[in-house]
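Colleague: So that we are looking at the same thing, I have put the structure below in structure tokens.
The values are calculated or read from the model by the stated rules, or taken from the named source; none is laboratory data. Bear in mind that the values here come from a model prediction, so they are computed numbers and not experimental data. When we count neighbours, we look across all protein chains shown, and the Cβ atoms used for this are built from the backbone with ideal geometry, even at glycine. For accessibility, only protein heavy atoms count, side chains too; no ligands or nucleic acids. Shrake-Rupley method; radii C 1.70, N 1.55, O 1.52, S 1.80 Å.
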Amino acid sequence: MTTSAMAKEIGESADVAARIIRNRPATRAIAQRIGNGPAPLCVICGRGSSGHAGVFLRYLVEMRLHIPVSASAPSVVTAFRAPLMLRNALFIVISQSGRSPDLVAATRSARTAGARTIAIVNATASPVAHAAEFVIPIEAGHEHSVAATKTVIGSMAAGADLVAELTGDRSLASALERLPERLHRAQALDWSEIADDLARASAVFVAARGPGLGSAREIALKLSEILRLPSIGLSAAELQHGPRAALSSRTPVIMMRIMDETAATVDALANELREQTIALHLCGGPHGSLPWLADDDPITDPITMLVPAYRMIEQTARTCGFDPDRPPRLSKITETF
């Protein structure tokens, strides 16, 4: 069977992360120019998979920089023409192509308003990169598959490295240095046990807490995008509220348990779901059912968990006769206004 571009690009993720670490001196220079003075607000701008990398970054910024984060709504600028008061705020835009007009307009507007603007992009010669004051390259190379994989992992790693440099967090910096090797080892993790439940599923729930939430939303998007299966990524805390009523024998739950302050609550929820005979596939912790590496850092582990999830989705797609590289009605670059 011919190897898909998606499979090849998942396999390149470790090299992407390694290049980001090698680029650390440039990231450090940006952090030094921004300074560590208290910004009143951080705004993160991105759509789709880049938006999920932004959810991951939101937790890092709030946990380590202790400043509130808002998700940008670009249509406020593009459709409603209402520029925001962002003087001295930190504005971070995340994009693979850097070409979507709404992201470009939001970045320009933020910079004009006095925000310190940073673009985390794969295409450094792009309108978004030109609109921002600072650029952190993902350096993932060309991504042929419509489904973003290595650029998502690169975006998360780049955002985490920026936070490590802004805070002088040596522990996080060391965890990022271990990340390429862990991404490589994660290639061997086989999550194919999920596939049987997916074949019978009417919908899938993907849950995590804290920094894992961005990865949960990203996996849910890939299930919808590649396997054409309605999926929702949400906080494990939210799964204890309204969405829980929708669970049934035909709605498997994929849950990621990170070794941090949220671990006990995720463990408790996992026990409850098993008692209710919900098909649960849990990664992490003493009762995890999915193959996993030994826990490392709770910030970088959600990045590593993307690799076996991506691989499972790519393999399941080919088994089902779907082309993982070219989902129907989608294109690689989506330009929104």
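Colleague: Confirm whether Ala199 is part of a helix (DSSP H, G or I) and more than 15 Å from Pro308 (Cβ to Cβ).
Modeller: yes
Colleague: What single numbered condition from (1) modelled with pLDDT of 95 or more; (2) outside any strand (DSSP E or B); (3) touching a Ser or Thr at 6+ places or on another chain (Cβ under 9 Å); (4) open to solvent by 10 Å² or more (accessible area, probe 1.4 Å) fails to hold for Ala123?
Modeller: Among (1) modelled with pLDDT of 95 or more; (2) outside any strand (DSSP E or B); (3) touching a Ser or Thr at 6+ places or on another chain (Cβ under 9 Å); (4) open to solvent by 10 Å² or more (accessible area, probe 1.4 Å), the lone unmet condition for Ala123 is (1).
Colleague: When you go through (1) in a helix (DSSP H, G or I); (2) more than 30 Å from Thr2 (Cβ to Cβ); (3) at pLDDT 95 or above one by one for Glu314, which number turns out not to apply?
Modeller: (2)
Colleague: In addition: I need every pair where a residue in segment 30-50 that is among the charged types (D, E, K, R) has its Cβ under 7 Å from the Cβ of a residue that is open to solvent by less than 30 Å² (accessible area, probe 1.4 Å) and modelled with pLDDT under 95, sequence separation at least 6 or different chains.
Modeller: Sorted first by the residue in segment 30-50, then by its partner, the pairs are Arg47/Ser100.
Colleague: Please identify the pairs in which a residue from segment 113-141 that is at positive phi has its Cβ atom under 8 Å from the Cβ atom of a residue that is open to solvent by 50 Å² or more (accessible area, probe 1.4 Å), counting only partners at least 6 apart or on another chain.
Modeller: Partner pairs satisfying both residue conditions: Gly114/Arg87; Gly114/Asn88; Glu139/Arg19; Gly141/Glu12.
Colleague: Something else now. Would you mention how many residues in segment 188-245 are open to solvent by 60 Å² or more (accessible area, probe 1.4 Å), farther than 14 Å from Leu269 by Cα, of a type outside the set (Gly, Ala, Ser) and out of contact with any helix residue (DSSP H, G or I) (no Cβ under 8 Å at 6 or more places or on another chain)?
Modeller: 4
Colleague: Test each condition in (1) among the β-branched types (Val, Ile, Thr); (2) out of contact with any Asp or Glu (no Cβ under 7 Å at 6 or more places or on another chain); (3) within 22 Å of Ile20 (Cα to Cα) for Val76 and report the one that comes out false.
Modeller: (3)
Colleague: So, in segment 210-253, how many residues would count as being within 20 Å of Pro308 (Cβ to Cβ) and more than 19 Å from the chain's Cα centre (by Cα)?
Modeller: 2
To keep it simple, each residue is scored yes or no on (1) in contact with a helix residue (DSSP H, G or I) (Cβ under 7 Å, 6 or more places away or on another chain); (2) more than 29 Å from Val146 (Cα to Cα); (3) not β-branched (Val, Ile, Thr).
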{"site": "Lys8", "(1), (2), (3)": "no, no, yes"}
{"site": "Val16", "(1), (2), (3)": "yes, no, no"}
{"site": "Arg22", "(1), (2), (3)": "no, no, yes"}
{"site": "Ala26", "(1), (2), (3)": "no, yes, yes"}
{"site": "Cys45", "(1), (2), (3)": "yes, no, yes"}
{"site": "His66", "(1), (2), (3)": "no, yes, yes"}
{"site": "Ala73", "(1), (2), (3)": "no, no, yes"}
{"site": "Pro83", "(1), (2), (3)": "yes, yes, yes"}
{"site": "Val104", "(1), (2), (3)": "yes, no, no"}
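Colleague: For segment 257-284, how many residues meet the condition of being open to solvent by less than 20 Å² (accessible area, probe 1.4 Å), small (Gly, Ala, Ser) and under 19 Å from Leu247 (Cα atoms)?
Modeller: So the answer is 1.
Colleague: For residues in segment 266-311 being of a type in the set (S, T, N, Q) and part of a loop (DSSP other than H, G, I, E, B), which is nearest to the chain's Cα centre (by Cα)?
Modeller: Thr300
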